[in-house]
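Some notes on the structure that comes next.
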Amino acid sequence: MNLNHKGDKEYKEMLYEGKAKRIFKTPVAQEFFLEFKDSLTAFNALKKGSFENKGIVNRDIAALLFEYLEKFAIPSHYLRKENQNGMLVKKVTIIPFEVVVRNVLAGSTAKKLGIEEGTPLSEPLVEFYFKKDELGDPFVSEEQMRIIHQIPVRDIDIMKELALKINKKLTELFAEIKIKLVDFKVEFGKDSDSVILLADEITPDCCRLWDMETNEKLDKDRFRRDLGSVKESYESVLARLTQNRRGK
Ligand code: 5GP
């Protein structure tokens with residue numbers, strides 16, 4: 001992999017630094033530069049790590065997935081790749097709710113309900129979590145979103161519908177490369193015309209991806225649970241996706 005960042009455009013005015021990404025202003029008012037960092041965090045940043053080239057790998061995975069979803073009329077903030085580890089994105093105002101879709105019970109919901117991880121669900125389950133680090137991103141019901149947070153029902157419905165469509169298309173794509181999409185988290189934002197767009201990222205940082213044959217985890221749970229081979233797993237997801245796309 002080319003480690004030479006020479007020739008990358010420099011964006012100087014940083015607007016926001018998150019745990020795994022940074023956002024910069026660009027000369028175009030309605031465009032931001034989204035840079036993927038090499039860092040890796042879990043449990044609300046109580047656990048920190050990194051691996052070399054993670055930003056490049058995650059940027060490539062996110063770009064490939066946004067480009068794939070666009071073919072199925074799933075609108076996102078993604079415009080194009082920029083530099084080795086970034087992308088230009090449309091400026092959006094993030095709706096402060098994480099949308100989780102689960103196909104198989106794992107992680108927080110399996111734990112909360114005392115159900116064995118790996119239990120398949122009869123249909124995809126959509127859940128919302130309020131984005132607030134100080135509160136540890138608590139689960140919220142749709143009624144709480146509507147009545148307490150004043151999120152219009154229409155917006156809730158659009159996010160749900162898009163999340164389910166994303167789930168369907170990504171489940172199909174990952175199945176082609178023998179990976180089971182167990183669950184994932186997405187975020188949505190509104191552009192200057194108030195259109196709801198898929199935003200943030202879709203990478204192994206925010207998905208559970210299990211090898212269909214071995215059930216091996218290929219996502220951030222390798223880091224969360226100290227399973228080792230984090231870098232190799234992320235790289236294998238990218239390699240499988242890239243090979244699959246080449247075969248099209
Ligand atoms: P869980 O609720 O089981 O912890 O997470 C469900 C899915 O959403 C997992 O794929 C997990 O990686 C993703 N997810 C949930 N919350 C976050 C978050 O705050 N950040 C990231 N990167 N992913 C999240």
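Note down the magnitude of the dipole of the chain about its Cα centre, charges +1 on Lys and Arg C-beta and -1 on Asp and Glu C-beta and zero elsewhere, to the nearest 20 debye.
400 debye
Report the equivalent ellipsoid semi-axes for segment 74-122 in whole Å, largest first, defined as the square roots of five times the eigenvalues of the gyration tensor built from alpha carbon atoms.
They are 34, 13, 11 Å, listed largest first.
Between Val104, Val140, Val230, where does the largest GNM mean-square fluctuation fall for the chain, given springs only between Cα atoms within less than 10 Å?
Checking each option, the largest mean-square fluctuation is seen for Val140.
Taking the dipole about the Cα centre of the chain, with the C-beta of Lys and Arg at +1 and of Asp and Glu at -1, give me whichever of Phe128, Asn244, Gln144 is farthest to the positive side.
Asn244
Considering only C-alpha atoms, what is the centroid distance from segment 4-53 to segment 223-242, in Å?
Computed from Cα coordinates, the inter-centre distance equals 20 Å.
Roll a 1.4 angstrom probe over the protein heavy atoms and tell me the percent of accessible area of the chain that is carbon or sulfur.
Solvent-exposed carbon and sulfur of the chain make up 52 percent of the total.
Roughly what would the spin-label model give for Phe43 and Arg146, points 7 Å off Cα along C-beta, in nm?
So the label points at Phe43 and Arg146 sit 3.7 nm apart.
Excluding the sites themselves, what is the longest stretch of the chain that contains no GluC sites (Glu not before Pro) in a DSSP loop with at most 16 other C-beta atoms within 10 Å?
Within the chain, the longest run free of exposed GluC sites (Glu not before Pro) spans 118-212.
Restrict the search to segment 1-93; then list the chymotrypsin sites (Phe, Trp or Tyr not before Pro) that DSSP places in a loop and that have at most 14 other Cβ atoms within 10 Å of their Cβ.
Those satisfying the criteria are Phe43, Phe72.
Among Asn215, Asn58, Asn83, whose mean-square fluctuation peaks in a Gaussian network model of the chain (Cα, cutoff 10 Å)?
Asn215
Give me D for segment 119-210 in µm² s⁻¹, whole number, from Stokes-Einstein with Rh from the Kirkwood sum over alpha-carbon pairs, 37 °C and 0.692 mPa s.
224 µm²/s
Below 15 angstrom from the Cβ of Thr93, what's the summed charge of the other residues (Lys, Arg +1; Asp, Glu -1)?
Charge balance near Thr93 sits at -2.
Among Gly55, Gly118, Leu15, whose Cα lies farthest out toward the positive end of the dipole of the chain, if unit charges sit on the beta carbon of Lys, Arg (+1) and Asp, Glu (-1)?
Positive-end residue among those listed: Gly55.
Under unit Cβ charges (Lys, Arg +1; Asp, Glu -1), what dipole magnitude, rounded to 20 debye, does segment 89-225 have relative to its Cα centre?
The dipole of segment 89-225 has a size of about 80 debye.
Sum -39500 (n - 2.57) across every DSSP H segment of at least 4 residues in the chain, then divide by the residue count to get the 222 nm mean residue ellipticity, nearest 500.
-9500 deg cm²/dmol
Between Ala175 and Lys12, how high is the FRET efficiency from 1/(1 + (r/R0)^6) when r is the Cβ-Cβ distance and R₀ = 41 Å? Nearest 0.05.
So the FRET efficiency works out to roughly 0.45.
Please tell me which of these pairs span more than 29 angstrom C-alpha to C-alpha: Lys25/Lys132; Lys71/Lys111; Lys90/Lys112?
In this structure, Lys71/Lys111; Lys90/Lys112 exceed 29 Å between Cα atoms.
For segment 43-141, what is the charge dipole size about the Cα centre, in debye to the nearest 20, if Lys and Arg each add +1 at the Cβ and Asp and Glu each add -1 at the Cβ?
300 debye
Taking the Cβ-Cβ separation of Leu125 and Arg224 as r and a Förster radius of 25 Å, what is the calculated FRET efficiency to the nearest 0.05?
After rounding to 0.05, the efficiency reads 0.75.
Report, to one decimal in Å, the Kirkwood hydrodynamic radius for the chain based on all distinct Cα pairs.
For the chain, inverting the mean 1/r across all distinct Cα pairs yields 18.7 Å.
Say we join alpha carbon atoms closer than 10 Å with springs in a Gaussian network model of the chain; which of Lys81, Lys160, Lys168 then has the biggest fluctuation?
Result: Lys168 has the largest fluctuation of those listed.
At what distance in nm do the modelled label points of Val195 and Glu67 sit from each other, each positioned 7 Å from its Cα along Cα→Cβ?
About 2.1 nm separates the two model spin labels.
Compute the distribution of all C-alpha to C-alpha distances in segment 176-223, in bins of 5 Å from 0, and list the percent of pairs in each, rounded to whole numbers.
That works out to 5, 20, 22, 18, 12, 10, 7, 5, 1, 0, in percent per bin.
At q = 0.20 Å⁻¹, what log₁₀ I(q)/I(0) does a Debye calculation on the Cα points of segment 8-117 give, no solvent, two decimals?
-1.22
Given a 1.4 angstrom probe, what's the average accessible area per residue across the chain, in square angstrom?
51 Å²
The values are calculated or read from the model by the stated rules, or taken from the named source; none is laboratory data. Everything numeric in this text was worked out from a predicted model, so none of it was measured. Every residue, glycine among them, receives a Cβ derived from its backbone with ideal geometry; neighbour counts consider all protein chains shown. These area figures cover heavy atoms from the full protein model, side chains too; ligands, DNA and RNA do not enter into them. Shrake-Rupley method; radii C 1.70, N 1.55, O 1.52, S 1.80 Å.
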